[in-house]
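Visitor: Handing you this structure, nothing more for now.
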Amino acid sequence: MQHCDVLAACTDEPGSITRPFASDAMRRAHQYVREWMREAGMTVTRDNVGNLRARYPGTGEATLLVGSHLDSVRNAGRYDGPLGVMVAVAAVQRLRDAGKKLPFAVEVIAFADEEGLRFGTTYLGSRALAGTFDERDLERADAGGVTMAEAIRAFGGDPEKVQSDRRPAENLLGYVEVHIEQGPVLEARGLPVGIVSGIAGQSRMEITFSGEAGHAGTVPMDRRRDALTGAAELVLAAEAAATTEPGLVATVGKLEVEPGVANVIPGRATFTLDVRHADDSVRARAVEALLSRARDSARRRKLAVEARSVSDNAAVRCAPRLVALLTRAVKDCGQRPLELTSGAGHDAVVMASMTDVGMLFVRCKGGVSHNPAESVQTSDVAVAIDVLSRLLESL
């Protein structure tokens, strides 16, 4: 918990927690985390994309990967990501303090970028590790005009060698991630931790309605081509679809109107649409229905509409073997096991492409996340460390 407090002070925006990829704040965070990893008996390296990779050797060739991410959203809480890294380090510290080696090595990964705050891309760190990094992303520029390639180079990596960050999948026992729940289920059930059975699939797109700007006082209502009305119709359609389909969530998180003047009819409206569901077929049907609604609205309102896919991640099922082992570990800690689905994406989504994945959720107050009010109980974190330690023993 103290380590999370220390990392919270590593920020690019004083007064809030904002720790983007390859930033000065991330550099300071690495200095602390690297030292804590070494104190836990691990050898630490940093790859080209900026992941910290720490290894606690075992007596055999197999390896279990454990970790989470160190980057944040803007004005974040202090536990989303870093808590998972700190719990992993604490579990390894217990092994070192006991002078114990396992039949396999434990590698703790502190991923460089999961949130995508700086360059608008998610899972940069895990994609590099899994070998699915898209080199075209190196050309992306941040708000200040700095390209990803330049940022990686300034952070001490070689953008031309990011592909070499890929970790071979041979001899891997799996990847396990501890993370705050970011939801209200555990708190409602009075449980400190929960076992994740799967991660919902996600479709994220950008939709633009184009019409014709005009004077707000002189263009008759029946002659207007108001782009914002088309966008507003789809925003409400997304809400309606999600409230009528169990398990579906749909969010419009960003809306830009041009020219954005009080007395001018909007000629262009661009917005994001985020649709998620644990069943990929349900999600796909919902997305297609909404896009059909957008095309219909555009025809009726004499607008043009364009939809661009930003990302599309399939639902991930956690490995039954790891789910069973986590369930047993929770029971051995005297807690009642509960399986639940994650509506949020995690690095485990990408890691599932190279190995089995398992996740443990930690209760968070009010289900609040991506917010300075993010809060966890020390006793719940203690349970999470116990569960992870028992998982290592059972493996």
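The values are calculated or read from the model by the stated rules, or taken from the named source; none is laboratory data. It should be emphasised that the depicted structure is a prediction, and the values quoted were computed from it without experimental measurement. Note that we place each Cβ from the backbone using ideal geometry, even for glycine, and neighbour counts take in every protein chain shown. When the accessible area is computed, the model is the full protein with side chains, heavy atoms only, and any ligands, DNA or RNA have been set aside. Shrake-Rupley method; radii C 1.70, N 1.55, O 1.52, S 1.80 Å.
Visitor: Just A307, A130, A216 to compare: in a GNM of the chain, with alpha carbon springs under 10 Å, which one fluctuates most?
Guide: Sorting by GNM fluctuation, first place goes to A216.
Visitor: OK, next. What angle, in degrees between 0 and 90 and rounded to the nearest 10, separates the Cα long axis of helix 82-97 from the longest principal axis of the Cα atoms of the chain?
Guide: Between the helix axis and the principal axis of the chain, the angle is about 10 degrees.
Visitor: Along each of the three principal axes of the Cα atoms of the chain, give the extent in whole Å, ordering the values from largest to smallest.
Guide: 81, 46, 40
Visitor: Say we join alpha carbon atoms closer than 10 Å with springs in a Gaussian network model of the chain; which of N51, N313, N263 then has the biggest fluctuation?
Guide: N263
Visitor: So for the chain, averaging the separation of alpha carbon pairs under 8 Å that are six or more residues apart and normalising by length, what relative contact order in percent results?
Guide: Result for the chain is 21 percent.
Visitor: Right, next: By how many degrees, between 0 and 90 and to the nearest 10, does the Cα long axis of helix 378-394 differ from the longest principal axis of the chain?
Guide: The two axes meet at around 60 degrees.
Visitor: Please state the equivalent ellipsoid semi-axes for the stretch 21-172: what are the square roots of 5 times the Cα gyration tensor eigenvalues, largest first, in whole Å? Provide the component values of the computation, followed by the final result.
Guide: Numbers: eigenvalues 152, 60, 29 Å².
So the three semi-axes of the stretch 21-172 are 28, 17, 12 Å.
Visitor: Of the heavy-atom accessible surface of the chain (probe 1.4 angstrom), what whole percent is carbon and sulfur?
Guide: 48 percent
Visitor: Please give the Cα centre distance for the stretch 166-190 versus the stretch 235-294, rounded to the nearest Å.
Guide: 29 Å
Visitor: Still on this structure, please answer the following. Out of V92, L290, M354, whose Cα points farthest toward the positive end of the dipole of the chain (charges: +1 Lys, Arg; -1 Asp, Glu; placed on Cβ)?
Guide: The Cα lying farthest towards the positive end belongs to L290.
Visitor: Sticking with this one: Taking the 0 to 90 degree range and rounding to the nearest ten, how far is the long axis of helix 24-39 tilted relative to the main principal axis of the chain, both from C-alpha atoms?
Guide: Value to nearest ten degrees: 20.
Visitor: Compute, for the chain, the length of the dipole vector about the Cα centre, with Cβ point charges of +1 (Lys, Arg) and -1 (Asp, Glu) only. Units Debye, rounded to 20.
Guide: Roughly 380 debye, rounded to the nearest 20.
Visitor: Right, another one. Where in the stretch 92-185 are there GluC sites (Glu not before Pro) that are in a DSSP coil and have at most 13 other Cβ atoms within 10 angstrom of their Cβ?
Guide: Loop-located and lightly packed - E170.
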